[in-house]
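Bear in mind that the values in this text are calculations on the coordinates, not laboratory data. Note that this is a predicted model, so its numbers are computed, not measured. Backbone-built Cβ (ideal geometry, glycine too); neighbour counts: all protein chains shown.
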Amino acid sequence: MPIIRDDGFHADDLNHGFTAPDALPANGPLAIDVASDADLAPVIARLDDTSAIRVAFPSFADGRGFSIARELRRAGFRGRLRAQGHVLADQYAMARRVGFDEVEIDDDLAARQPEAQWRARADWQANDYQNRLGRVRAG
């Protein structure tokens with residue numbers, strides 16, 4: 001399963017597995033799996049102990065993960081935030097804007113949407129509609 005970052009595909013380099021919020025050990029460091037319909041209260045209560053959070057995207061049409069990422073960042077999470085599942089290359093810029101550091105996809109999706117498609121969207125800060133509007137108005 002490739003991990004996608006702005007510079008392309010990578011192997012998973014996390015040293016510890018992810019744990020569901022209802023099975024967190026008493027002390028960290030933690031890597032937490034968050035479902036798209038999860039109650040974030042137990043996760044937010046443990047942000048200081050958490051080094052990584054992986055948010056599930058059960059479908060490319062399910063945008064709840066984007067809201068979860070924004071909420072976690074606003075709550076002060078500074079660790080590694082990963083989108084996992086059915087995220088498309090076209091959604092990569094949005095994922096980065098809301099606070100995800102990386103995206104984990106399965107091998108089948110990687111075959112259908114190769115690294116070049118993801119890298120084409122890696123300049124996510126410059127290629128949003130607000131910047132395009134500013135260039136149109138300025139030009």
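Scoring 1-13, 31-43 by mean Cβ neighbours within 10 Å over their residues and listing the highest first yields 31-43, 1-13. By the Cα gyration tensor, the stretch 48-115 has an equivalent ellipsoid whose semi-axes, rounded to whole angstrom, run 21, 12, 10 from largest to smallest.
Descending by average beta-carbon neighbour count within 10 Å, the peptides 17-28, 71-82, 44-55 line up as 44-55, 71-82, 17-28, the highest first.
Find how much the distance from Ala111 to Ile44 grows on full extension, using 0.36 nm per residue of separation minus their present alpha carbon separation; answer in nm with one decimal.
Numbers: separation 67, 0.36 × 67 = 24.12 nm, distance 3.51 nm.
Roughly 20.6 nm would be gained on extension.
Taking amide H positions as modeled 1.01 Å from N, with prolines and chain starts lacking one, the residues under 5 Å from Thr50 and 5 or more places away or on another chain are Leu30. Converting phi to 3J(HN,Hα) with the Karplus coefficients 6.51, -1.76 and 1.60 and the offset θ = phi - 60°, the stretch 108-121 yields 5, 5, 4, 5, 7, 10, x, 3, 4, 5, 6, 5, 5, 9 Hz in sequence order, with x at every glycine or proline.
Counting only DSSP beta bridges with both residues in the chain, tell me the antiparallel percent, nearest 5. Write out the running numbers ahead of the final one.
Working: 5 of 20 bridges.
Just about 25 percent of them are antiparallel.
Helix 64-74 and the longest principal axis of the C-alpha atoms of the chain enclose an angle of approximately 80°.
Projecting the Cα positions of Gly63, Phe18, Ile3 onto the charge dipole of the chain (unit charges on Cβ atoms of Lys, Arg, Asp and Glu, taken about the Cα centre) puts Gly63 furthest along the positive direction.
Under unit Cβ charges (Lys, Arg +1; Asp, Glu -1), what dipole magnitude, rounded to 20 debye, does the chain have relative to its Cα centre? Write out the running numbers ahead of the final one.
On the way: 18 positive and 22 negative charges, 169 e Å.
So the dipole magnitude of the chain works out to roughly 820 debye.
Using only Cα atoms and rounding to the nearest 10 degrees, what angle (0 to 90) does helix 129-138 make with the longest principal axis of the chain? With both axes taken from Cα atoms, the answer is about 30 degrees.
In the neighborhood of Val43, defined by Cβ-to-Cβ distances under 12 Å, what is the net charge if each Lys or Arg adds +1 and each Asp or Glu adds -1? Provide the component values of the computation, followed by the final result.
On the way: positive: Arg46, Arg54; negative: Asp22, Asp33, Asp39, Asp48, Asp49, Glu71.
Once positives and negatives cancel, what remains is -4.
Within the chain, the proportion of C-alpha pairs whose separation exceeds 19 Å stands at 52%. Working note: Karplus 6.51/-1.76/1.60 with θ = phi - 60° gives the stretch 10-25 the couplings 9, 7, 5, 10, 6, 8, 9, x, 8, 10, 5, x, 7, 10, 5, x Hz, where Gly and Pro are set to x.
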